[in-house]
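I have placed the structure first, in the form of structure tokens, so that the comments after it can refer back to it.
The values are calculated or read from the model by the stated rules, or taken from the named source; none is laboratory data. Remember, it's a predicted structure, so these values are computed and weren't measured experimentally. Cβ sites come from the backbone with ideal geometry, for glycine too, and all protein chains shown count toward neighbours. Heads up: the accessible areas ignore ligands, DNA and RNA and are worked out on the full protein's heavy atoms, side chains in. Shrake-Rupley method; radii C 1.70, N 1.55, O 1.52, S 1.80 Å.
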Amino acid sequence: MADRSHTQAQAAASLAGERVFLLGRFEGLSHRRLAGLLRAAGAAAAPRLGPGVTRVAVAHERARALFGGDPMVERLAARPAAGLLSEIGLKRLVGLLPEAPAEPRPFAADAFCRVAGLDPDLLAGLELFDVLDPADGRYGYRDLVAGREVARLLRAGGDLVAIVEAAIELRRHGLRLSEARLDEIGASGLKRRVDGDVLDLDGQYRLPLAEPRETLDDVLAGAEDAEAKGDLAAATTLYQRASAMDPHDPVAPFQLGNVLEGQGATRAAELAWWTAVRRMPDFADAWFNLAVLAESRDEPAKAEMLYRRALLRDPEHSDAAYNLGLMLARRHAYAEALPLLEAFMRLEPEAPEVPIARRRAAECRLALRGAPSAGVAEGR
């Protein structure tokens, strides 16, 4: 990570017009949800790291891979025009988190490295994984304390990846590295020192230096791999374990619902999707799945309500717009159906359903003008 100069500190205030490649799994968010948030911010999620990418957002879970020599680093290094965004930096720019706190930031990068005792080559990597939280290329006193803590642990022989992952874990629990003194205790890992006592980082988990711990991301990766291989039983078990590991994460129960539905367990799938929306009420994809399930059970009023909830959370959820548009057209609510069908065609101009949406939209326009038509067919 030594040559990374395009970091969160250099992120523009707006993402309008940007094409963002999402690298890794972002805590509490599916890529589809992030893509919707990017669209709302006037940007677009790039499906691959191609020449049109202007930003690369890097999830916290990629820390071990990137610091450990992931081949993706070479691809990132070859794209100096594409600015890097940290996970917290991305969430701030799409409105999920507040801006960085206003505080004095008296240090430029060179001075900061001198007073913190850090190798300048580490600076970009520490910013990319939110160990440091600069603004406009300047660093504050909390950054200084965190930087010195990193330098101290490294001098004591600590593993850089374990230190970064410890800082990430602390942020998940509302703490900064500047607020928690860590100790390296042999092979048992990094722990917090509180009032002279040595404790696990939060009393519940450890960061071992010798053997990698099983993280939520590890379990999710295993579940996704099993799902991709068609082993839905194994995927179900792993998604259930991931859901239990973090009672706040909505992605695991959402994915669990998907694999349960694939096995015909629609009642269990429904419960899993309701768990996802309880954990994150803005999870539009989960609301959409619940709506599709209600429609399949011939519960049109419930389905319509759930489609509306999906669109309330993500006004550009194209599938919800399409399905709800068809439902409204079938019950002759043409004035509501037409803009939804038009939105679907705008958002998904290459989708195979576009010819159906175009016909239904034309029928809505004819009906609104009072012209005779054959009516809207029941099929899609």
**Cα→Cβ-extended label distance, 7 Å offset, between D119 and A221, nm** = 2.4 nm
**Item:** Residue-level accessible surface for D314, protein heavy atoms, 1.4 Å, Å²
**Value:** 10 Å²
**Prompt:** With every protein chain kept in the model, how would you rank M345, M305 by accessible area, 1.4 Å probe, largest at the top?
**Reply:** M305, M345
**Asked** Taking N as the number of residues in the stretch 103-174, what is its Cα Rg relative to 2.2 N^0.38 Å?
**Response** 1.02
**Request:** Considering the convex hull of the alpha carbon atoms of the stretch 222-376, report its projected area averaged over all viewing directions, in nm², one decimal.
**Result:** 9.8 nm²
**Request:** Tell me, rounded to the nearest percent, the portion of alpha carbon pairs in the stretch 236-285 spaced more than 13 Å apart.
**Result:** 47 percent
**Request:** Could you grab the Rg to Rh ratio for the stretch 254-309? Cα atoms only, Kirkwood for Rh.
**Result:** 0.95
**Area of Y334 that stays accessible when all protein chains are in place (1.4 Å probe, Å², to 10)** = 40 Å²
**Request:** Using 0.36 nm per residue of separation minus the Cα-Cα distance, give me the extension gain between A16 and A108 in nm, one decimal.
**Result:** 30.3 nm
